[in-house]
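The values are calculated or read from the model by the stated rules, or taken from the named source; none is laboratory data. All figures in this text were calculated on a predicted structure; none of them were measured in a lab. Methodologically, a virtual Cβ is constructed for each residue, glycine included, from the backbone with ideal geometry; neighbour enumeration extends over all protein chains shown.
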Amino acid sequence: MASKKEDTKFWQQLHNDAIEEPAKEAAEPQKKYWGTVFPVKDFDKVADAKALRQIVMEKDVNEQKLTDILAHRSQNQRMEIAMQYEKDFDDDLIGDLVHALGADNDFGRLVWALMTPPRLYDARCLRGAMEGTGTDESVLIEILCSRTNKQIKKIIEAYSFATNFDLKKDLEQDTGGNLRSLLVAMLETDREDKNVDYTVTLAEASTLIDEELEPTLEKILATRSYAHLRQTFLDYQRLSGHHIMEMISRQTGGFLNPTKDDVKEGYLAIVKCVLSLPGYFAERLYMAMMGFGTDEDTLTRVIVSRSEVDMKKVADIYERRHGKPLGAAIADETSGAYRNMLLALIGQE
């Protein structure tokens, strides 16, 4: 595992890349697609629905046939297949898939994730992170600190619809202290979308140095645009001589103050998303596979959520950072149909 100094240096490079990216994209003749799952050409939802019906009715499910269909259809196409399936067979495709595969195994949960609308899937993951004994703060942080204003509004609605609970009330009940304040702020605050005001970024960088850290940090992380925050972080480094991540690590957690480690993770997650969303998710995948055991739920959640967004960039950053292709890492840490589906979703079959 890289040292903290090497880690900070790598994130500084991603920060520089993010600053330069708008100009590079503007120079491109057409916008690139960075996902690894594409809408299939000559899409035939009737044929797909019929094929899936045959698969779920078999005594032994042909997992490879299932992968060949679901991993090579876009989210919208999967939803069209599900509607066609209900029309043709008067049955619920997701229910039939869960019945055929089971919900207590990694492959079954991956298929369920692929067949669930993103807002509803995020809502279910949030509820799952707070159900039962204990709370999985890392899941709450990952979802709420990486989604856009529009996505979070949809998640709030889906959470209420799917669970009959209120997301804000559940967060307030299941988290505490500054982490609760940060997560609620991510729910309720609209992030700006306007041009960078360099006078304001410089003033806010100075405030982060001169005043109590956490109230100011939470406010700007929750409300400012990503472009604004990138400039603020640059200004902070020029004024203080330290990267913003070093400051957060030093002042918001550690051995002498372990109760603040959760909110430190939250602050750092937002900073990393600002610097590079693909970089943040590459790190989440690495952490899910490092050490003893594998966090399959995180692998599933990240790969499904990024497969039609920026998985090519995630895989590229993963390999640059860790010297190993993402597909090779997944192949080493998983097995069977689950492994095959994940590799298909990242385009490394």
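The table for this structure:
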| read-out | value |
| --- | --- |
| Residue within the range 90-98 that is over 18 Å from ILE55 (Cβ atoms) and either of a type in the set (Phe, Trp, Tyr) or surrounded by fewer than 20 Cβ atoms within 10 Å (Cβ to Cβ) (or both) present | no |
| Test result for ALA103, aliphatic (A, V, I, L, M), under 23 Å from the mean Cα position of the chain (by Cα) and surrounded by fewer than 16 Cβ atoms within 10 Å (Cβ to Cβ) | yes |
| Cβ pairs under 8 Å, 6+ apart, first in the range 52-64 and modelled with pLDDT of 95 or more, second hydroxyl-bearing (Ser, Thr, Tyr) and crowded, with 17+ Cβ neighbours inside 10 Å | LEU52/TYR85; ARG53/TYR85 |
| Considering residues of the range 1-51 that are more than 26 Å from the chain's Cα centre (by Cα) and not in a loop (DSSP other than H, G, I, E, B) only, the residue modelled with the lowest pLDDT | ALA27 |
| Qualifying residue in the range 116-128 (condition: assigned to a loop (DSSP other than H, G, I, E, B), crowded, with 19+ Cβ neighbours inside 10 Å and at pLDDT 95 or above) | yes |
| Counted residues, the range 315-334 - those being over 19 Å from SER276 (Cα atoms) and part of a helix (DSSP H, G or I) | 7 |
| Residue list for the range 280-338, filter: among the polar types (S, T, N, Q) and more than 16 Å from the chain's Cα centre (by Cα) | THR294, THR334, SER335 |
| Condition check for LEU52: touching a Phe, Trp or Tyr at 6+ places or on another chain (Cβ under 8 Å) and closer than 23 Å to LEU343 by Cα | yes |
